[in-house]
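So the structure is just underneath, and the comments pick up after that.
The values are calculated or read from the model by the stated rules, or taken from the named source; none is laboratory data. Just so it is clear, the structure is predicted and the values come from calculations on it, not from any experiment. Cβ sites come from the backbone with ideal geometry, for glycine too, and all protein chains shown count toward neighbours. Side chains included, ligands, DNA and RNA excluded: accessible areas come from the protein's heavy atoms. Shrake-Rupley method; radii C 1.70, N 1.55, O 1.52, S 1.80 Å.
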Amino acid sequence: MSPSADPSRRRLLGALGATLAAPGLAVASLSSNMSNTPDTLQRPDLILRNGRFTTLDRANPVADAVAIKDGRFTRVGRAEDVLPLAGSATRVIDLQGKRVLPGLIDNHLHIIRGGLNFNMELRWDGVRSLADAMSMLKRQVAITPAPQWVRVVGGFTEHQFVEKRLPTIEELNAVAPDTPVFILHLYDRALLNGAAMRAVGYTKDTPAPPGGEIVRDSAGNPTGLLLAKPNAAILYATLAKGPKLPFDYQLNSTRHFMRELNRLGVTGAIDAGGGNQNYPDDYEVIQKLADDGQLTIRLAYNLFTQKPKQEKEDFLNWTANSKYKQGDDYFRHNGAGEMLVFSAADFEDFRQPRPEMAPEMEGDLEGVVRILAQNRWPWRMHATYDETISRSLDVFEKVNKDTPLAGLNWFFDHAETISEKSMDRIAALGGGVAVQHRMAYQGEYFVERYGAAAAEATPPVKRMLERGLKVSAGTDATRVASYNPWVSLSWLVTGKTVGGLQITPQRNLLDREQALRMWTENVTWFSNEEGKKGRIQAGQLADLVVPDRDFFACPESDIADTTALLTMVGGKVVYGAGVFASHDEGSVPPAMPDWSPARTFGGYAGWADKKEGAPLQKVMRNAAASCGCANNCNVHGHSHATAWSSKLPVGDLKSFWGALGCACWAV
C-alpha cells in the first residue's frame, strides 16, 4: 500500500487539521513516527495548503495545495491529495485562503544597473503629490554628506502628482543650497540645482551637446535644465559625473533592490543592459551575488553595445568569449540588446517629434545581426516607432535568406506604434514583441502630440495577441518608468496612466488573466525558458507570490497599490510580511551607506517612511488647489490631461483648443 493511501496516515493528518489552521503556521514534523526509509527522502521539503492557487496551467487551472521538493513543484492540486505526501521533515505553511499567483517576471528591467545605484537614489515612484516629494527631498538633503548628491533618477512622471508639475529650479535651490541635487524626469529632461551645476562644471562656455540642450538664461548661463532633443545622452553623461558606491556597498545595494522587487512579487527578470553598463566589468557585482547564492531574482541578461560605430567589434568579442545560455536557472546569458547599433536608436521622448533614423542604419544593423544569427545568439532591439521597426525588418528578412532566424527567439522591445503589417512580418520570421508600461507614464505627452485617437492602441497589445504574436509585458525600469509590476498590470487592465488619464478604450484592454499571463508564462519565451517557469505546475520552478489583495476580485483602482505578503523563489520564502513575516528567509543587512534613502524611505511610494507615513497613504490633496503651473485654463482649470483627451474632429488638437480659448496647449 502506498503511503498516500495509508488510512492510519490519513487519520493522523486529519487530527492535525486544527493545528494547521493557525495563521501562517509552519509545522516542522507531520509524522514524526514515520521510519526514515529511502521513500521518505522523496517527501516534499514544503507544502503550501489552504490557498487559492491560480496556476495558469490550462489542464489544472486551480488548486488549494502544492508540494515542493528541491525548488520545484512536485504536486499541484487538492489538499487531500497533497497533504498525505508529507514526511517527517516537511514544512507546511497555511496560506489562510489567500490568492496565490505564479511569480511575476519582468521582460525588460535594468536590474543590474539599477542595483548598483539603488541605495543612492531617492525614489519618487508612486508618490502622489509634489509637496510630499519635496518633503522627502528636503529630509534626504539634511542627512546626505558632502560630496554626495541627492538624486531622483526616473521612475515617476509629473502627471502622477496632484499638482501636475515638476519642481522649479528655485524650489530645488531653496531646499538644497549646498548639496547637489539631480532629478531625472523620464528620458526627457533633468533638473539640477545650483550646487549640482557647480559639481558637474557646466558654465557659459560649455558647448551644446549633440541631440540635447543645456537651457540657458538671457546671459547665456546654464539654468539647471537639461533637455533630451530627443537623445538622452546629455542626461546620462551628467548623471555619470556623480559619486559612485564602492564594491561592497554595491553588493548591498543590489540586494536591497532585489528585496524591493520581491516585496512587489517579482521573482524573475530579463535585464536589457544599458548605457555605461560594460560587460564584464559592470557585471562583477551581480556575478558575485550569483556565485554566493544570494540572488533572490532569477535573471537572464542581454549584452548592450557600448561603442557607437564600433558595435560589430563588441559583438564579435562577446560571441567569441561568451556562450548563449551560459549560467544556471538564477543567472544566465540571454543574447544581445537592447541596443544593437546606435544608428537605430529611436528615443521615445514623446515631447519631441519622432526622430528619423540615419541612412546608414540598415548597413550598421545588418553587420551586427549577421554576427548574431551566425552564432545563434537571440537579440532584443529597442524600437519605439513602426518606421524603425519596418526598416529593421527589411534587414532581418535579408539576413534570414542566408541564415535562417527560426528558433532564435529574437524580439523587438516597446513597439508603441507598430503596424499590423509589421506584426505579420515579425510572426513570419519567428520573432516577438516585448511591451512595457511606458505609456502609463508618457500617455499624456503622446496624446498632446498625436491626439487621443492615436493613443487608443499604443501599443496595440490586444491586437498583437489576437494575431498570434509572441507578446509579454514588463516595465523598462528604473528610469523611464517605475519597477512596480502592479502599475503595469493595472495599465493593461484599465488603460489608464498613473495620472488617471484614460487612453485605452475597453475594446483594446486585456482581462486580468490575460494580463497576468503577460507577466508570467508569456515572458518565458523571451528567455527561452518555456515550460521551466511561469506557471504553478508540477515540474516547474517553485516561484510564486501571495499578494495582499485578490488580484481577480479587488477593484481595478486597487491593482496598482498591490504588494506581496509572501514571495517565493525556488521554494524559498524570499519575502514575508504580516502573518507570513516569520517565514521570511530573505532579510538583508541595513542599506549602506547609513545615509542611504533606502534606509529612510524603502522604495516605491516611500513605503518604509516611519516618521511621516508613506506618501501613498496620505490624504490626497485637492488637485485644482494644488496645481502650481502657470497655465490655469479658462475652460478646464488645471485638468490639462482631461482636456488633451477630449474628442474633437480636428487633426491639430492644440491649435483647435487654443482657438476656443483653452490654454491647456500652453502647458
Kindly list the number of the only condition in (1) outside any loop (DSSP other than H, G, I, E, B); (2) touching a strand residue (DSSP E or B) at 6+ places or on another chain (Cβ under 8 Å); (3) among the basic types (K, R) that fails for R507.
(2)
Please work out which residue is farthest from D64 (Cα to Cα), limiting yourself to segment 546-583 and to residues that are part of a loop (DSSP other than H, G, I, E, B), out of contact with any helix residue (DSSP H, G or I) (no Cβ under 7 Å at 6 or more places or on another chain) and open to solvent by 40 Å² or more (accessible area, probe 1.4 Å).
P555
Find all pairs meeting these conditions: Cβ atoms under 8 angstrom apart; at least six residues apart or on different chains; first residue within segment 321-343 and farther than 24 Å from M357 by Cα; second residue open to solvent by 60 Å² or more (accessible area, probe 1.4 Å) and not in a loop (DSSP other than H, G, I, E, B).
F331/Q287; H333/G327
Being open to solvent by less than 30 Å² (accessible area, probe 1.4 Å) and within 30 Å of M339 (Cβ to Cβ) narrows it down to one of L109, L101, L95, L46, so name that one.
L109
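Evaluate segment 393-407: report whether one residue or more is closer than 22 Å to F350 by Cβ and of a type in the set (D, E). Can you show your working first?
At the first step, the residues of segment 393-407 found to be closer than 22 Å to F350 by Cβ are none.
Scanning segment 393-407 turns up no residue that is closer than 22 Å to F350 by Cβ and of a type in the set (D, E).
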Counting only residues that are outside any strand (DSSP E or B), buried (at least 21 other Cβ atoms within 10 Å of the Cβ) and charged (D, E, K, R), segment 187-205 contains a total of 1
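What helices (runs of 4 or more DSSP H) completely inside segment 73-150 contain at least 3 residues that are modelled with pLDDT of 95 or more and either farther than 17 Å from I536 by Cβ or charged (D, E, K, R) (or both)?
In segment 73-150, 111-117, 130-143 are the helices (runs of 4 or more DSSP H) which contain 3 or more residues that are modelled with pLDDT of 95 or more and either farther than 17 Å from I536 by Cβ or charged (D, E, K, R) (or both).
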Give the residue that is farthest from the chain's Cα centre (by Cα), with candidates limited to residues of segment 373-390 that are open to solvent by less than 10 Å² (accessible area, probe 1.4 Å) and over 16 Å from Q306 (Cα atoms).
A373
Cross-chain or 6+ apart pairs with Cβ under 9 Å, segment 553-581 first and within 18 Å of L509 (Cβ to Cβ) and modelled with pLDDT of 95 or more, then open to solvent by 10 Å² or more (accessible area, probe 1.4 Å) and among the aromatic types (F, W, Y)
A560/W491
Just one of (1) open to solvent by 10 Å² or more (accessible area, probe 1.4 Å); (2) in contact with a Pro (Cβ under 7 Å, 6 or more places away or on another chain) trips up T90, so point out which.
(1)
Only one of A452, A428 is more than 15 Å from the chain's Cα centre (by Cα) and free of Cβ contacts under 8 Å to residues at least 12 places away in the same chain, namely A428
Report the residue count in segment 454-471 for those that are open to solvent by less than 10 Å² (accessible area, probe 1.4 Å) and either in contact with a His (Cβ under 7 Å, 6 or more places away or on another chain) or among the small types (G, A, S) (or both).
1
Cβ-Cβ under 7 Å, sequence separation 6+ or interchain: first residue in segment 532-549 and in contact (Cβ under 8 Å) with a residue 40 or more places away in the chain, partner open to solvent by 10 Å² or more (accessible area, probe 1.4 Å) and among the polar types (S, T, N, Q). Which pairs?
A538/T74
Is there a residue in segment 462-480 that is under 17 Å from R351 (Cα atoms) and touching a strand residue (DSSP E or B) at 6+ places or on another chain (Cβ under 9 Å)?
yes
Any residue at all in segment 303-316 that's without any contact (Cβ under 8 Å) to a residue 24 or more places away in the chain, open to solvent by 50 Å² or more (accessible area, probe 1.4 Å) and of a type in the set (A, V, I, L, M)?
no
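Working only within segment 472-502, note down all residues that are β-branched (V, I, T), in contact with a Lys or Arg (Cβ under 7 Å, 6 or more places away or on another chain) and in a loop (DSSP other than H, G, I, E, B).
V480, the sole residue that qualifies.
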Residue check: is L235 in contact with a strand residue (DSSP E or B) (Cβ under 6 Å, 6 or more places away or on another chain), on the phi < 0 side of the Ramachandran plot, touching a residue at least 24 places away in the same chain (Cβ under 8 Å) and assigned to a helix (DSSP H, G or I)?
yes
Pick from A219, A208: which is assigned to a loop (DSSP other than H, G, I, E, B), at pLDDT below 95 and either over 19 Å from L130 (Cα atoms) or under 33 Å from the mean Cα position of the chain (by Cα) (or both)?
A208
Looking at A131, A146, can you tell me which residue is open to solvent by 20 Å² or more (accessible area, probe 1.4 Å) and under 17 Å from E612 (Cβ atoms)?
A131
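Please go through segment 411-441 and pick out each residue that is more than 27 Å from G154 (Cβ to Cβ), assigned to a loop (DSSP other than H, G, I, E, B) and not hydroxyl-bearing (S, T, Y).
Hits for segment 411-441 are L429, G430, G431.
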The residue that is surrounded by the fewest Cβ atoms within 10 Å (Cβ to Cβ), considering only those in segment 264-287 that are farther than 30 Å from F342 by Cα and touching a helix residue (DSSP H, G or I) at 6+ places or on another chain (Cβ under 8 Å), is L264
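Residues checked against (1) among the hydrophobic types (A, V, I, L, M, F, W, C); (2) under 16 Å from M120 (Cα atoms); (3) at pLDDT 50 or above:
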| site | (1), (2), (3) |
| --- | --- |
| G586 | no, no, yes |
| A591 | yes, yes, yes |
| S596 | no, yes, yes |
| G603 | no, yes, yes |
| G606 | no, yes, yes |
| A614 | yes, no, yes |
| A623 | yes, no, no |
| S626 | no, no, no |
Selected residue [surrounded by 22 or more Cβ atoms within 10 Å (Cβ to Cβ) and of a type in the set (K, R)] from R151, R139, R165:
R151
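Looking for something over 30 Å from V153 (Cβ atoms) and either polar (S, T, N, Q) or open to solvent by less than 10 Å² (accessible area, probe 1.4 Å) (or both) - is there at least one such residue anywhere in segment 478-501?
Taking every residue of segment 478-501 in turn, none turns out to be over 30 Å from V153 (Cβ atoms) and either polar (S, T, N, Q) or open to solvent by less than 10 Å² (accessible area, probe 1.4 Å) (or both).
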